[in-house]
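A quick write-up on the structure given underneath.
The values are calculated or read from the model by the stated rules, or taken from the named source; none is laboratory data. Note that the coordinates shown come from a computational prediction; the quantities given were computed from them, not determined experimentally. Neighbour counts run over all protein chains shown; Cβ positions are idealised from the backbone, glycine included.
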Amino acid sequence: MPWIVGFFAVVVLLVVLQDAFEVMLLPRRVHRRFRLTRFYFDRAWAAWCWFANRMPAGMARERFLSVFGALSMIVLFALWASTLIGAFGALEWAFQGNAAASPIGEQIYMSGVTFFTLGYGDVVPHSKVARVVSVMEAGTGIGFIAVVIGYVPVLYQLFSRREAHVIQLDARAGSPPTATTMLTRHAESGGLDKLEDLLREWEIWCSDLLESHLSYPMLVYYRSQHDNQSWLAALTAVMDSCALILVGVEDLQPLQARMTFAMARQVIVEMARSFGIRPSRYDGGDRLPHAEFERMETILLQTGLNWRQEPNTEETLAALRATYEPLLDGLANALLLALPGWIAAADATDHWQRGHRGLIASRLIEQLSARNDTDAASEPKHSRFAQRLRSRLTRD
């Protein structure tokens, strides 16, 4: 009996140590079909979603979902540590000279004291092999704790680097971000040439996202600071913008939009494959029906964009959307994240426009941005606006 217990303890130790090594130290995707960590996250996230789906949509539900990422990592570390302690305790019990005089519960207690290097000394190993195992466990415990301490900051660094770009879209594309808002805001301010630089930055962001989230897949469960922002919504807005540039915007060269679109699509393809997510049957009708497409064309033309109005433009855009929207919708359903539309809602407000005197700041920025595009005849209008603004600020 002790040898059977010892054999299974060694197997459990090897499996858990391999799993912890692959998660925390191996900087590449593991292609093995079954992994303990993947099984743990799949089951834990399914249970978490079950409870979330029974909550009414709103802030409380989003707060509940936002807890999962960090909490699941704490539970994972605890499961690893407790399993290692139990396996080492069983191994110690198997190698004791007199198993009857050393209950397995007492050996597990000694294993926990050894793993965390407490060294009380009230229970000690008796045989030579048990002493060797005890030393090995102390080294394993120190190494495990050190790796965990170094691993957690890496996760938060990657999370912060991802979210920094997501937050930047608030002023450029709105919250939630939309492709129409991104194009019109750059066109209205005469900054279409800067849009190519922005897409280049997002091409780099996509490659960074692909590398980090394949190496550390638990990052997909970490949600953004605001409920109407997410890495998936940002990726969707960027891909939609690239699609519009490729299909109908004649003011920009298609090269950078093509490169960014290709990189972004690789992200969603690899992410869906890594998490075993199939494309949904989503046909795109809810995001951009025909009436919304016509309204989007009107908005783009009103801002001065040279939009290609041809009979097959909508059909071409629909064909391009069909190559990535089902994947995005599959990821959104699996992660309980909302995909943004193509046009911002009428009551949508950017986060920077909220708070104390947010509306005044927004109107002032709009006036100052448009001042260089107006003629001299409109100067009195701006002067009157400035006088009213100063008067209102003085009263406040």
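The one condition from (1) closer than 30 Å to Ile204 by Cα; (2) touching a Lys or Arg at 6+ places or on another chain (Cβ under 6 Å) that Pro125 does not meet is (1). Within segment 44-60, if we keep just the residues that are more than 19 Å from the chain's Cα centre (by Cα) and assigned to a helix (DSSP H, G or I), the residue that is nearest to Asp227 (Cα to Cα) turns out to be Ala60.
Matching residues to (1) surrounded by 14 or more Cβ atoms within 10 Å (Cβ to Cβ); (2) in the same structural domain as Phe116 (by TED's automatic domain parsing); (3) at pLDDT 90 or above:
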position: Val147; (1), (2), (3): yes, yes, yes
position: Tyr156; (1), (2), (3): no, no, yes
position: Arg161; (1), (2), (3): no, no, yes
position: Ile167; (1), (2), (3): yes, no, yes
position: Thr180; (1), (2), (3): yes, no, yes
position: Thr184; (1), (2), (3): yes, no, yes
position: Gly191; (1), (2), (3): yes, no, no
position: Lys194; (1), (2), (3): no, no, no
position: Asp197; (1), (2), (3): no, no, yes
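So if I check each of Leu84, Leu118, which one is over 21 Å from Val220 (Cβ atoms), in contact with a Phe, Trp or Tyr (Cβ under 7 Å, 6 or more places away or on another chain) and among the aliphatic types (A, V, I, L, M)? It is Leu84. Among the helices (runs of 4 or more DSSP H) confined to segment 262-370, the ones with at least 2 residues that are modelled with pLDDT of 85 or more and not hydrophobic (A, V, I, L, M, F, W, C) are located at 290-302, 313-321, 325-335. Of all the listed residues (Arg63, Arg35, Arg29), the sole one being more than 18 Å from the chain's Cα centre (by Cα), basic (Lys, Arg) and surrounded by 11 or more Cβ atoms within 10 Å (Cβ to Cβ) is Arg35. Can we say Arg61 is more than 19 Å from Tyr222 (Cα to Cα) and without any contact (Cβ under 8 Å) to a residue 60 or more places away in the chain? So Arg61 does not fit the description; no.
Condition check ((1) closer than 20 Å to Ala346 by Cα; (2) surrounded by 16 or more Cβ atoms within 10 Å (Cβ to Cβ); (3) assigned by TED's automatic domain parsing to the domain that holds Pro217) across all residues:
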| residue | (1), (2), (3) |
| --- | --- |
| Arg258 | no, no, yes |
| Val267 | no, yes, yes |
| Glu294 | yes, no, yes |
| Glu310 | no, no, yes |
